[in-house]
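Here the structure is laid out as C-alpha cells; the discussion comes afterwards.
The values are calculated or read from the model by the stated rules, or taken from the named source; none is laboratory data. The structure presented is a predicted model; accordingly, all values stated were derived computationally and were not measured. When we count neighbours, we look across all protein chains shown, and the Cβ atoms used for this are built from the backbone with ideal geometry, even at glycine.
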Amino acid sequence: MASDAQTTTGYIKHHLQNLTYGQHADGSWGVAHGAAEAKAMGFWAIHLDTMFWSILLGALFLWGFRKAAQRASAQTPSGFLNFVEWIVEFVDENVRGSFSHKSDLVAPLALTLFVWVLLMNTMDLVPVDWIPQIAGLMGIEYMKVVPTTDPNATFGMALGVFVLTLFYSIKIKGVGGFAAELTMQPFQAKNPILKILFVPANFFLEFVSLISKPISLSLRLFGNLFAGEMIFILIALLFSGGAVLAVAGGVLQWAWAVFHILIVLLQAFIFMTLTIVYLEMAHSHH
C-alpha cells in the first residue's frame, strides 16, 4: 500500500526503479541509491533484481518439469503431471504447425521460452507492494519483481533468438545464399546491370526487416508488461486515499488482474510463436 509519507511521484519512481549494481563515480563498486546513481553507472551496470527473479523462475521451471519427467508413466497422468503434459502438447502442436523442417532445437527452445516468459509475466499479478516491502525490511531499497518489465531482459532473450536466426540462415543457405537473400529481393530483374543497381535498395529494405525482428520481439513484450505494471501501481495509490478510494482500488485491482491474465498468457504465446516463425524463415530457401 502506498505510504502517506511518500509523494505520488516518489512512490511511482520507487516501484519502477531497479536494484542496480555498478561502478560509482568515485571508482568504487556497489548498489545505486537512486535513479541518478544508476544512470551514472553506465552500460556495465547490472540489475540485480531482474537477474535474481529471472534465474529463480528459470530454475523453478527446470525443477518442476524435471520432476514431472521423472514421474511420467504409461498410466493416465493426474495433477501437476497432467498440466505439464498439456503444456508440452500445446507447444508441440504449435511447433508442428509453424515449423516445417527437422530440428532438435526448436521444440525445446519454444517450450523453454513459453514457460519461462509466462512465469516472469505472472509475477505481475503479485500485489505491487508485497515483495518490495519485504525487501525493505531486509534493507534492500529497490525490488522490481517482473523481469519482463526490464528491457534488458526482453532484449537479451530477443538477441538470443536473433543470433540463432542468423546462425541457421548461414548454416542452411550458406554465406552466399544468405547474402543473396539480403540483396536480390524484393526488387528483381533479369538485366545484370539492373540487378546491380537494385542491390543497395534491396539490402536496405531487407536489413531493416532483419533488424526489426529482435527489436519488435523485445519491445512488444516489454511494452505490454510495463504498461500492466504501471496500471497496477496507479491502482495501488488509491489505497492511501481513504476508505472509498480503497474499496474502488480493490475492485479495480481485481478487474485488471483478471484482464491481465490474458495479457500474461498472450505475450508468452506471441514470443514463442514469433521465435518459431523466425527460425522457420531461417531454415527456408527463398
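Data for the structure
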read-out	value
Selected residue [among the small types (G, A, S) and at pLDDT 95 or above] from A268, A248	A268
The one condition in (1) in a helix (DSSP H, G or I); (2) out of contact with any helix residue (DSSP H, G or I) (no Cβ under 7 Å at 6 or more places or on another chain); (3) more than 25 Å from E280 (Cβ to Cβ); (4) hydrophobic (A, V, I, L, M, F, W, C) that L119 fails to fulfil	(2)
Filter result for I261 (in contact (Cβ under 8 Å) with a residue 40 or more places away in the chain and touching a Lys or Arg at 6+ places or on another chain (Cβ under 9 Å))	no
Any hit, segment 55-76, residues being touching a Phe, Trp or Tyr at 6+ places or on another chain (Cβ under 9 Å), farther than 30 Å from I12 by Cβ and of a type in the set (S, T, N, Q)	no
Scope segment 23-51; condition out of contact with any helix residue (DSSP H, G or I) (no Cβ under 9 Å at 6 or more places or on another chain) and under 25 Å from L119 (Cα atoms); matching residues	L48
Residue match in segment 88-99 (condition: more than 16 Å from L265 (Cβ to Cβ), outside any helix (DSSP H, G or I) and among the basic types (K, R))	no
Pick from segment 91-119, criterion loosely packed, with under 14 Cβ neighbours inside 10 Å and not charged (D, E, K, R), ranking: nearest to F65 (Cα to Cα)	P108
Residues (among the small types (G, A, S) and loosely packed, with under 13 Cβ neighbours inside 10 Å) located in segment 199-223	A201, S209, S212, S216
Test: residue in segment 20-36 that is part of a helix (DSSP H, G or I), exposed (fewer than 12 other Cβ atoms within 10 Å of the Cβ) and not β-branched (V, I, T)	yes
Number of the exception - I196 against (1) loosely packed, with under 14 Cβ neighbours inside 10 Å; (2) under 23 Å from the mean Cα position of the chain (by Cα); (3) without any contact (Cβ under 8 Å) to a residue 24 or more places away in the chain	(2)
Scan of segment 152-191 for residues that are of a type in the set (S, T, N, Q) and closer than 30 Å to L19 by Cα, ordered by number	N152, T154
Single unsatisfied condition, S103 versus (1) under 30 Å from M281 (Cα atoms); (2) in a helix (DSSP H, G or I); (3) modelled with pLDDT under 95; (4) small (G, A, S)	(2)
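Residue-by-condition table, conditions (1) free of Cβ contacts under 8 Å to residues at least 40 places away in the same chain; (2) of a type outside the set (G, A, S); (3) within 20 Å of A135 (Cα to Cα):
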{"site": "L19", "(1), (2), (3)": "no, yes, yes"}
{"site": "A35", "(1), (2), (3)": "yes, no, yes"}
{"site": "K39", "(1), (2), (3)": "yes, yes, no"}
{"site": "H47", "(1), (2), (3)": "no, yes, yes"}
{"site": "L56", "(1), (2), (3)": "yes, yes, yes"}
{"site": "F65", "(1), (2), (3)": "no, yes, no"}
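Here's the yes/no breakdown for (1) in contact with a Leu (Cβ under 9 Å, 6 or more places away or on another chain); (2) assigned to a helix (DSSP H, G or I); (3) among the small types (G, A, S):
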| residue | (1), (2), (3) |
| --- | --- |
| K213 | yes, yes, no |
| S216 | yes, yes, yes |
| A236 | no, yes, yes |
| G250 | yes, yes, yes |
| W254 | no, yes, no |
| L262 | no, yes, no |
| M281 | no, yes, no |
